[in-house]
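As structure tokens, the structure follows; a few thoughts come after it.
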Amino acid sequence: MSKRAILAGIGGYLPNLIVTNDELARSLDTSDAWIQERTGIRQRHVAGEGETAAFMGARAAEAALRDAGAGPGEVDAIILATSTPDQAFPATALRVQAALGVTRGFAFDLAAACSGFIYALAVAEGMIRAGQARGVLVIGSEVYSRILDWQDRGTCVLFGDGAGAVFLHAARDSGDPATARGVLSTHLHADGRHGDILYVDGAVGRHDLPGTLKMNGPAVFRQAVTLLAAAVEEALAANGLERGAVDWLVPHQANLRIIEAMGKKLGLPPERVVVTIDRHANTSAASIPLALAEAVGDGRIRRGDLVLMEALGGGLTWGSALVRL
Ligand code: ACO
């Protein structure tokens, strides 16, 4: 009997400090009205001194394990998606491993910018199917506040900090996709030719250039609308689903206009599209698991619901995952 990866638990962590658009407008030539109209963002959480990628990732992972009723002894692997690791090495995933008290298995970081969670979920699911691991923590943890140019109004208003996690566990595949829980499909894409429309202009050890995020917003917007629409079509076609067949869209939260366009593409009413960008802004690899944690936590998404997730990020990288909760 083949195996399927089920989402046994979901959790999230957000820093205590909230910064509103009005607060940013005190030191930046911007306004709450501009930010809300162009992006849907009202506020973001910003990490304090001790709220590192490892700290937040560990808190989100603990919440996901608690939700699953599982302990550290059931964790075979930790895959942590981040573009803002605390150190070049050890990988942030290993700091999380130590913080959780996991003493076996393996752990590594994965870098795919805002698509990091989808990439990490796909890798974890493949490992579970292959029998390399039974319990895998998939974490997205980001501290973009540390790579933003706080004088650049075109980028610094867009991002926030936070972490989200799911605990994937192996289950026997019933073979019937109409009822089977777990990850039903993942599709990953990358096109390095677009590397210069969204990037960080620095590198580890470059003391002269610690690196801040640079983005050609309109160019990324154009790519996102086209590539994510194709990714949504691809996921529906691969699973033999019609428009309107999924119960929920849990998208990466980069821009409300992009999110709404994808909801329409799927034939979903707005209340079936999970939106957190208004309160979290863009938390990159953490945005999807944070949104999932919120919508499962408040009872909107229930066991058995069919959920499509999609993301696009720097690279460019993009992809989708279809999951039955
Ligand atoms: N406040 C006020 N004005 C601003 C601000 C601001 N915060 N930022 C830019 N402007 C100005 C610009 O200077 C420009 O002024 P000008 O016309 O006088 O030159 C004007 O507003 C329009 O700027 P645009 O960049 O063309 O604005 P646009 O409508 O495209 O919105 C945005 C910008 C929100 C960034 C949009 O392009 C977007 O969401 N892009 C996609 C982002 C995305 O999906 N990123 C992917 C994931 S991120 C990751 O992977 C790390």
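The values are calculated or read from the model by the stated rules, or taken from the named source; none is laboratory data. Source: prediction; values computed, not measured. Using ideal geometry, Cβ is built from the backbone for each residue, glycine included, and neighbour counts are taken over all protein chains shown. SASA here: full protein model, heavy atoms, side chains in, ligands and nucleic acids out. Shrake-Rupley method; radii C 1.70, N 1.55, O 1.52, S 1.80 Å.
Side notes on the structure shown:
- Looking at region 234-325, the trypsin sites (Lys or Arg not before Pro) that sit in a DSSP loop and have at most 12 other Cβ atoms within 10 Å of their own Cβ are 302, 303.
- Going by accessible surface with a 1.4 Å probe and the largest first, 18, 301 read 18, 301.
- Computed over neighbours whose Cβ is under 12 Å from that of residue 28, the net charge equals -4, Lys and Arg +1, Asp and Glu -1.
- Per-bin percent of Cα-Cα distances, region 182-324 [5 Å]: 2, 10, 19, 22, 20, 12, 8, 4, 2, 1, 0
- The GluC sites (Glu not before Pro) of region 248-325 include none that meets both conditions, a loop assignment by DSSP and at most 11 other Cβ atoms within 10 Å of the site Cβ.
- Heavy atoms of the protein chains alone define the surface here; on that basis region 182-324 has 41 Å² accessible area per residue at 1.4 Å probe size.
- With a simple spin-label model that places each label point 7 Å from the Cα along the Cα-to-Cβ direction, the separation between residue 226 and residue 34 comes to 2.8 nm.
- Shape descriptor for region 246-325: Rg over Rh equals 0.93 (Cα atoms; Rh from the Kirkwood inverse mean 1/r).
- Over the C-alpha atoms of region 3-172, the Rg to Rh ratio, Rh being the Kirkwood estimate, stands at 1.04.
- C-alpha center-to-center spacing [region 113-168, region 206-228] in angstrom: 17 Å
- The share of accessible area on the chain that comes from carbon and sulfur is 52 percent, using a 1.4 angstrom probe.
- Estimated at the nearest 10 Å², the accessible area of residue 306 is 10 Å² with a 1.4 Å probe.
- Farthest towards the positive end of the charge dipole of region 182-324, among the residues 189, 275, 229, is the Cα of 275, using unit charges on the Cβ of Lys, Arg, Asp and Glu.
- Distance between the 7 Å Cα→Cβ label points at residue 174 and residue 305: 1.9 nm.
- Among 151, 127, 101 - extreme Cα towards positive end, dipole of the chain, charges at beta-carbon: 127
- Here region 92-176 is treated as a sphere whose radius is the Kirkwood value from Cα pairs; by Stokes-Einstein at 37 °C and 0.692 mPa s it diffuses with a coefficient of 220 µm²/s.
- Rg followed by Dmax, in Å, when region 1-85 is reduced to its Cα trace: 18.0, 60
- Summed over all non-identical Cα pairs, the Kirkwood treatment of the chain gives a radius of 19.5 Å.
- Taking each DSSP H run with n ≥ 4 as -39500 (n - 2.57) and averaging over every residue of the chain yields -9500 deg cm²/dmol at 222 nm.
- Kirkwood-Stokes translational diffusion coefficient of region 146-203, alpha-carbon pairs, 25 °C, 0.890 mPa s, µm²/s: 149 µm²/s
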